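Scroll down for the structure; my scribbles are underneath it.
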Amino acid sequence: MSGAPGQELVRFDRVTLTFPGVNGRPAIEVIRQLDFRIETGEFVAIIGPSGCGKSTLLSLLAGYLPPSSGRVLFRGKPIAGPARERMMVFQQPALFPWLTTAGNVAYGLKLKANRGNGRNVQSTVDALLHLVQLDGFAHHYPSDLSGGMRQRLEIARALAVDPQVLLMDEPLAALDALTRRRMQGEVLHIWEKTRKTILFVTHDIDEAVIMADRVIVMAQRPTSILEIEEVRLPRPRRREDPELAGIVRRLSALLE
Amino acid sequence: MRPLVLRWPSFRLIERAALPRWALRLVGPLTVLLGWELGARFGLINTLLLPPPSAAFADLGVLISGGYLGKALYASLFRVVCGFALAVVVGALLGLAMARIRLVDDFFDPIVELLRPISPLALFPLAILWFGIGDGSKIFVIALAACFPVILNTFAGARSIDANLIRAARSLGASEFEIFKGIVLPASLPHIFTGIRLAWGISLIVIIAAEMVGATVGMGYMVLEAQQTFRTERVFAGIFVIGAIGFVTDLGFRRLRRWLLPWYRETQD
Ligand SMILES: Nc1ncnc2c1ncn2[C@@H]1O[C@H](COP(=O)(O)OP(=O)(O)O)[C@@H](O)[C@H]1O
Ligand SMILES: [Mg+2]
């Protein structure tokens, strides 16, 4: 179903996105003639200056926005709208505050569209909470969780409907440095366990190089791709690795 | 979560007096009553205009044992509960619909804004013509006056929902109806609840005023009749009862909210 590793999963085909000018403000061309592809199972990081259109790019993939021209293809078909095969993990966690941790994860499973797929709600929820290390917090509300825990809960909620790709929009940007490093490891751990394709937006070059198979470097608006860097270092990667530091330095120079 | 309270050393001494919170909260009203009682006893105030609270409480006893208070209270509360319930149901549904459906908003918003500034009592004479001097006219004006805070708060709540919550639900596979029931409604509940509390307060105010203008039974009628026969202690007995009802029911609403919305935090961190 989810396609073999190495197969094309996502393709941007000369995609342009312009936000129309409202109330006399000028139209903003955010993305211009963007072309790239992502393969099944890949961990791809996207970096670029803030305001360059990274979130917009993920919104196109999630189906929240249609492109102004060009095509966004998922498994060869144009994206028509949001669907559970493409789940967003928002920058500001968008958890349902009236549901407990377990309730948030179960929400997707209980929807009509996802019922009767043979999966037991309770055991799926338990397994996912275990995966993101929130076992003891099933009955807590999101307001009782720390920033890192909320972010992990978002991931678990997205994984509940068994998506093919996770679209992560600066998921770690709001965390303190220590929590952030731990979460980088945890996201990688989740990726290795679930083998989902991950698109990971960040503005931290270190983070991108440490985590991803490939790093897409974007230019200032209107966005096009400056460079796609393939990171062939074995995991687990160490920050002190001179080869890794070299890549980081090169990409930094590119963005300046 | 506790709200931030300024802590002065001398305040802390009082807090250490080991009185529970609810007992501390009685100190203020009791002080006022005591001062008032003493003022009346020592002839500092004209007891014809401002009778001592003890006289009001004595008369309250008479009203209760004579069954008069029960009858008046029943009549008033019946009208309040009916009008209030109507206001809550209609107000919440209309507020939600206006917030989420453009066409409904365009249709009802001008009507709401035109009716809202009109004093409900200005419509009361008309209501008596339409619904008679009995319960109908009171229920009508209460429902009308109390539905506005419900509509406006519900609308504000349903409009201020984080768009990403709805996007997340849509990505997870929710249908439009599931989004309404599972996201829009619960996300708006704290605001709806605020509207309901305001509506209850307005209902209590409107019923007394309406019963003073045109009624044959009820708390407002009782107070007005007492005033016309110059029984000021009875006027105050009625006022105490009305105040107590408002006080107790608002406590009840807070309890209810804690029970219905355990996830809700008044101050977000
Ligand atoms: N809905 C919108 N309407 C108009 N302009 C928008 C909208 N969303 C984003 N933009 C603009 O598009 C640009 C890219 O935004 P965004 O994708 O959020 O950037 P990034 O995530 O890279 O920081 C910004 O200049 C932003 O102001
Ligand atoms: Mg962004």
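Each value in this text was obtained by applying a stated rule to the coordinates, not by laboratory testing. These numbers come from a predicted model, not from an experiment. Cβ atoms come from the backbone with ideal geometry, glycine included; neighbour counts cover every protein chain shown.
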Over the stretch A:69-129, the quotient of the Cα radius of gyration and 2.2 N^0.38 Å is 1.40
Taking only the Cα positions of chain A, the convex hull volume per residue in Å³ is 143 Å³
Filtered hits (aspartates and glutamates, Cα-Cα < 17 Å from B:Lys138, offset >= 8 within chain) -> B:Glu211
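Test of understanding: express the Cα radius of gyration of the protein assembly as shown as a ratio to 2.2 N^0.38 Å, with N the residue count. Walk me through the intermediate numbers first.
On the way: Rg = 31.6 Å, N = 525, 2.2 N^0.38 = 23.8 Å.
Dividing the Cα Rg of the protein assembly as shown by 2.2 N^0.38 Å gives 1.33.
List A:Tyr107, B:Tyr74 from most exposed to least, where exposure is judged by having the fewest other Cβ atoms within 10 Å. List each step's numbers first, then the result.
On the way: A:Tyr107 25, B:Tyr74 13.
The most exposed by this proxy come first: B:Tyr74, A:Tyr107.
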Between the modelled labels at B:Arg159 and A:Arg237 (7 Å from Cα along Cα→Cβ) the distance in nm is 4.7 nm
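Pull out the extension gain between B:Ile118 and B:Phe230, defined as 0.36 nm times the separation in residues minus the alpha carbon to alpha carbon distance; nm, one decimal. Don't jump to the answer; show the numbers that get you there.
On the way: separation 112, 0.36 × 112 = 40.32 nm, distance 3.24 nm.
Between B:Ile118 and B:Phe230, full extension yields 37.1 nm more.
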Both in Å, the radius of gyration and Dmax of the C-alpha trace of the stretch A:1-101 are 15.3, 48
Here the whole-number average of other chain Cβ atoms within 10 Å per Cβ of A:212-219 is 0
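At a temperature of 10 °C and a viscosity of 1.306 mPa s, determine how fast the stretch B:100-152 diffuses translationally according to Stokes-Einstein, using the Kirkwood radius over alpha-carbon pairs as Rh; express D in µm²/s, rounded to the nearest whole number.
On the way: Rh = 12.1 Å.
Diffusion coefficient, whole number: 131 µm²/s.
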Extend 7 Å from the Cα of A:Arg182 along its Cα-to-C-beta direction; within the stretch A:75-109, residues with backbone N under 20 Å of that point are A:93, A:101-102
Expressed in nanometres to one decimal, the distance between label points 7 Å along Cα→Cβ at A:Arg14 and A:Ala127 is 4.4 nm
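Could you list A:Met211, A:Met88 so that the one with the fewest beta carbons within 10 Å of its beta carbon is first and the one with the most is last?
Details: A:Met211 24, A:Met88 27.
Fewest-to-most ranking of A:Met211, A:Met88: A:Met211, A:Met88.
Give me B:Ile207, A:Ile210 sorted ascending by neighbouring Cβ count inside 10 Å, so fewest comes first. Numbers along the way, then the final one.
Numbers: B:Ile207 28, A:Ile210 24.
Starting with the residue having the fewest Cβ neighbours, the order is A:Ile210, B:Ile207.
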Rounded to the nearest 0.05, FRET efficiency between A:Asp35 and A:Glu230 (Cβ-Cβ, R0 22 Å) equals 0.85
Taking a crude spin-label model, label points 7 Å out from Cα along the C-beta direction, the A:Arg25 to B:Ser65 distance in nm is 7.3 nm
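How about the stretch B:75-149: which chymotrypsin sites (Phe, Trp or Tyr not before Pro) there are in a DSSP loop, with at most 15 other Cβ atoms within 10 Å of their Cβ?
On the way: sites: B:Phe78, B:Phe84, B:Phe107, B:Phe108, B:Trp130, B:Phe131, B:Phe140; in loops: none.
Within the stretch B:75-149, no chymotrypsin sites (Phe, Trp or Tyr not before Pro) qualify (loop, at most 15 other Cβ atoms within 10 Å).
Taking the alpha carbon gyration tensor of the stretch B:92-180, what are the square roots of 5 times its eigenvalues, largest first, to the nearest whole Å?
On the way: eigenvalues 252, 32, 20 Å².
Its equivalent ellipsoid spans semi-axes of 35, 13, 10 Å.
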Per residue convex hull volume, Cα only, the stretch A:93-162, in Å³ is 76 Å³
Helix B:185-213: inclination vs chain B longest Cα principal axis, degrees, rounded to 10, gives 30 degrees
Computed about the Cα centre, the charge dipole of chain A from +1 Lys/Arg and -1 Asp/Glu charges at the Cβ has a magnitude in debye, to the nearest 20, of 700 debye
One point scatterer per Cα, no solvent, Debye formula: log10 I(q)/I(0) for the stretch B:53-258 at q = 0.09, 0.11 Å⁻¹ comes out as -0.44, -0.61
Partner lysines whose C-alpha sits under 27 Å from that of A:Lys196, ignoring same-chain residues fewer than 8 away, are A:Lys54, A:Lys77, A:Lys110, A:Lys112
On each of the three principal axes the extent of the alpha-carbon atoms of the stretch B:162-269, given in whole Å and largest first, is 69, 30, 18
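Counting each pair of different Cα atoms once, what's the Kirkwood radius of the stretch A:129-256 in Å, rounded to one decimal? Numbers along the way, then the final one.
On the way: mean 1/r = 0.0627 Å⁻¹.
For the stretch A:129-256, inverting the mean 1/r across all distinct Cα pairs yields 15.9 Å.
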If the chain between B:Ile239 and B:Ala209 were fully extended at 0.36 nm per residue, the gain over the current Cα-Cα distance would be 9.6 nm
